[in-house]
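Presented below is the structure to which this report refers.
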């Protein structure tokens with residue numbers, strides 16, 4: 001399979017590629033994002049967060065690729081499903097505050 005970048009954004013750490021599969025004569029589009037710095041920021045904010053909640057507080061930072069994934073799956077604009085996704089312990093790295101939404 002031959003891979004070629006078609007878009008790279010060093011500011012967001014996002015890269016988009018076109019992969020050509022000669023056997024199937026097919027193109028595949030993939031995206032990757034370096035999320036390490038964002039996850040480090042989330043961890044710091046989580047550890048420094050006050051214990052009291054107020055309305056309208058920021059609770060998570062998500063890499064762009066996850067935003068697109070949640071949008072495709074219909075989760076991003078469904079508040080109940082999004083809260084359930086953010087409260088899942090597997091997604092704790094994206095949270096900026098402890099507690100339950």
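Throughout, read-outs are computed from the coordinates displayed, never taken from laboratory work. Note that the structure is a prediction, hence the values are computed from the model and not measured. Every residue, glycine as well, gets a Cβ built from its backbone with ideal geometry; the counts of neighbours run over all protein chains shown.
Tabulated results
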read-out	value
Taking N as its residue count, the alpha carbon Rg of the chain over 2.2 N^0.38 Å	1.35
Simple label model, 7 Å out from Cα along Cβ direction - residue 80 to residue 44, nm	3.8 nm
Cα long-axis angle, helix 36-48 against the chain (0 to 90 degrees, to the nearest 10)	10 degrees
FRET E, pair residue 61, residue 24, Förster distance 25 Å, beta-carbon r, rounded to 0.05	0.10
Label-to-label distance, nm, for residues given as residue 15 and residue 90 (7 Å Cα→Cβ offset)	2.7 nm
